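S.K.: Take this structure, written in structure tokens, and hold onto it; I'll ask about it next.
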Amino acid sequence: MIKVSIVVPVYNGGPYLDLCAPSLLRQSIGADAYEIIYVDDGSTDDSAQRLDRLAAEHRHVRVIHQENSGWPGKPRNVGVRVARGEYVQFVDQDDELTPQALERLHDLAVRNNSDIVMGKVAGTMQGPSNVFKRTVEQCTVEDAPLFESLTPHKMFRRDFLLGHGIEFPEGPVRLEDQLFMARAYVRAKTVSILAGPPCYLWNRREDGGNTSSRATTPEDYYGHLRNVVDAVKEVIPPGPLQDHLLRRSYRVELLRPVIEPRVLKRTGRDLERYFTVVRRLARESFPPGVRDGLPAISRLRAHLLEEGRLDSLIDLARRTADVKPQVTVDEIRWRDGRLHLKVTAGMIRPDGGPLTLVERYGRLHLDPDLLAGIHGAEDWEVPHPLGHAHGDLLLHDTARNQWWFLEGDLTARTEPVGPGRHRVVVTGETVLDPGTVANGEALPPGTYTVWCSAQLLGVGRRARITRGASASPAQPGSLLVPGPTADGTQPRLVIPDWGGPSGQLRLSVGLAGRTTLPQRVLQRTSAAPLLRSAARTLLRRLPPGARRKARALARKADRWSKAGKV
């Protein structure tokens, strides 16, 4: 029985096919349980020959050659129609799957009879997404932010696609992925989300070949966005849910030409042309509830757009471009083998003052210092200051470019900053467990940085946690994660420090017993009584020569500590 069919549209993939293929050929689900369908869309390079060689060498590889259609929609549709698997996984020719991706996604799909399964995406084309913050067995568009992930690199039940006639548009269609996903999401009865280890590696090609370089006009591009909007309206009746689902298209796609940085780069007729097109679409295709449910600054942009105030949008963009995050570390300490961080994050204006709300007659208005002189923005009321406000702490694996969300959520609240003034912040305690944070496993050796992400009043920023932001900048001591760990490795040492030009909070992780890491631990923590026992254990594991050097470093560290240098 074929459980999964991988469908790969190909056009002039060249050597990237050789980079992608190994990750597809060696899936842990077993070669008898899946097939790989390459659909060659009339390649003019040697892609056809490369694919035929793969098919000759591997019995679970099939190749279909067709005349060039120019876009990936038709090859994907052909692949779905000829697939023999219960589920279909779309993969682009220059991306990769992780070794257990199909097995883990299919297990989740079968357990829940899912129509769609979304696996965590990593790589140079993908930043952290809170869609994958936690594994969700069952959800729909009504209770999960599915529209925040509109790429098709997911697993779909084949009968679901065929039964509803869900296909990619064929030919030169912009936003074809969004149209396909919109049609699928609004019809899916069960969607599952797999957090944990990444399943899909979406990497930017060195030649830029996996980014769209075809020229387009605003009329063409936003004409296709209208099709995405219509796909939602076709199934979801007018009301709060429809407004909610359309909000992402308004916020991300429609407003893009009239906010920073693009509105500050385009000029003259080019800018006016984009402004005219998106204004018309906003007024014709988006119900008022879409705009009214946006956070404060996004709602103001929508108001200025629909009122025809391009100059005001430019003025607002110049000011919001320089709004920066302000993160305060209220406390940082080890407790029960886990690093606890209490933080508060807000936003500051270009002049350095906090981005505030002003209270007048029992109502809150957006910061007049930010809006001064912007026509149409006077006394902009903020009836729901905590709407859409949220924040998270994240750990970034700098070598592998992977992100993990820390345990615990930051809570939005307002706090007074002067007579009649308040600011919106997210605050709370999060927990970093080095033994489980990496998708339930211990952190592999490497260097990690800690970040804070916040969305407040319609401004989203991600900032490093730095020593200057800490109310208590002293670094916490190091931690020995006992072993053997789940993957059979030695115990691990976790060393937090404030490093780099900005004094960013970093974690250095290494296997206990290796010379360099224990030396660094002794340098930093030998003066801490609670860590001496762990340090002695490590010393006993070192070769005699390295042990002598480590003891010498420990004595030097003690002298530095007493002198106040560490």
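S.K.: Rounded to a whole number, what % of the accessible area of the chain do carbon and sulfur atoms account for, probe 1.4 Å?
M.R.: 48
S.K.: How high is the relative contact order of region 407-466? Use alpha-carbon pairs under 8 Å, at least six apart in sequence, and give a whole percent.
M.R.: Working: 68 pairs, mean separation 13.7, N = 60.
With pairs under 8 Å counted, the relative contact order is 23 percent.
S.K.: Where Rh denotes the Kirkwood radius from the mean inverse Cα pair distance, what is Rg over Rh for region 208-292? Present the calculation step by step, with values, prior to reporting the outcome.
M.R.: Numbers: Rg = 13.9 Å, Rh = 13.9 Å.
Answer for region 208-292: 1.00.
S.K.: Over the chain, average the accessible area per residue using a 1.4 Å probe and give it in Å², no decimals.
M.R.: 44
S.K.: Which whole-number percentage describes the relative contact order of region 341-485, with Cα contacts under 8 Å and a sequence gap of 6 or more?
M.R.: After rounding, I find 24 percent.
S.K.: Let me know the number of lysine pairs in the chain closer than 21 Å at the Cα, not counting same-chain pairs under 8 apart.
M.R.: Number of lysine pairs found: 16.
S.K.: Could you sort 4-15, 48-59, 439-450, 33-44 so that the peptide with the highest average Cβ count within 10 Å comes first and the rest follow in order?
M.R.: Ranking the peptides 4-15, 48-59, 439-450, 33-44 by packing returns 4-15, 33-44, 439-450, 48-59.
S.K.: Shape call for region 130-182 from the C-alpha gyration tensor, a ≥ b ≥ c root eigenvalues: rounded (a/c under 1.5), prolate (a/b greater than b/c) or oblate?
M.R.: Values: a/c = 2.45, a/b = 1.50, b/c = 1.63.
In terms of gyration-tensor shape, oblate.
S.K.: Hey, another quick one. At 1.4 Å probe size, what's the solvent-accessible area of E148? Round to the nearest 10 Å².
M.R.: Rounded to the nearest 10, the figure is 80 Å².
S.K.: Just check the chain against the gyration tensor rule for me: Cα atoms, a ≥ b ≥ c as the square roots of the eigenvalues, rounded for a/c under 1.5, and otherwise prolate or oblate depending on whether a/b exceeds b/c.
M.R.: oblate
S.K.: Which residue, chosen from L432, P128, L19, occupies the Cα position most advanced towards the positive end of the dipole of the chain, where the dipole is computed from +1 (Lys, Arg) and -1 (Asp, Glu) charges on Cβ about the Cα centre?
M.R.: Farthest towards the positive end: L432.
S.K.: So, with +1 on the Cβ of K and R and -1 on the Cβ of D and E, and no other charges, what is the size of the charge dipole of the chain about its Cα centre, to the nearest 20 debye? Don't jump to the answer; show the numbers that get you there.
M.R.: Numbers: 79 positive and 66 negative charges, 638 e Å.
Dipole magnitude for the chain comes out near 3060 debye.
S.K.: Region 253-299 to region 300-364: how many Å between their Cα centroids?
M.R.: 21
S.K.: Indicate the gyration tensor shape class of region 255-368 (rounded, prolate or oblate), computed on the Cα atoms with a ≥ b ≥ c the square roots of the eigenvalues: a/c under 1.5 is rounded; otherwise a/b larger than b/c is prolate and the rest oblate.
M.R.: prolate
S.K.: Continuing with this model, one more query. Counting helices only, and only those DSSP H runs with n ≥ 4, report the 222 nm mean residue ellipticity of the chain as the sum of -39,500 (n - 2.57) divided by its residues, in deg cm²/dmol to the nearest 500. All intermediate terms of the calculation are to be shown ahead of the outcome.
M.R.: On the way: 17 runs with 183 residues, N = 566.
Rounded to the nearest 500, the figure is -9500 deg cm²/dmol.
S.K.: Oh, and also: How big is region 222-264 in terms of Cα radius of gyration and Dmax, in angstroms?
M.R.: 11.9, 37
S.K.: Quote the relative contact order of the chain in percent (integer), defining contacts as alpha-carbon pairs under 8 Å separated by 6+ residues.
M.R.: On the way: 1115 pairs, mean separation 51.1, N = 566.
The value is 9 percent.
The values are calculated or read from the model by the stated rules, or taken from the named source; none is laboratory data. Note that the coordinates shown come from a computational prediction; the quantities given were computed from them, not determined experimentally. All Cβ positions, even for glycine, are placed from backbone atoms using ideal geometry, and neighbour counts span all protein chains on display. Side chains included, ligands, DNA and RNA excluded: accessible areas come from the protein's heavy atoms. Shrake-Rupley method; radii C 1.70, N 1.55, O 1.52, S 1.80 Å.
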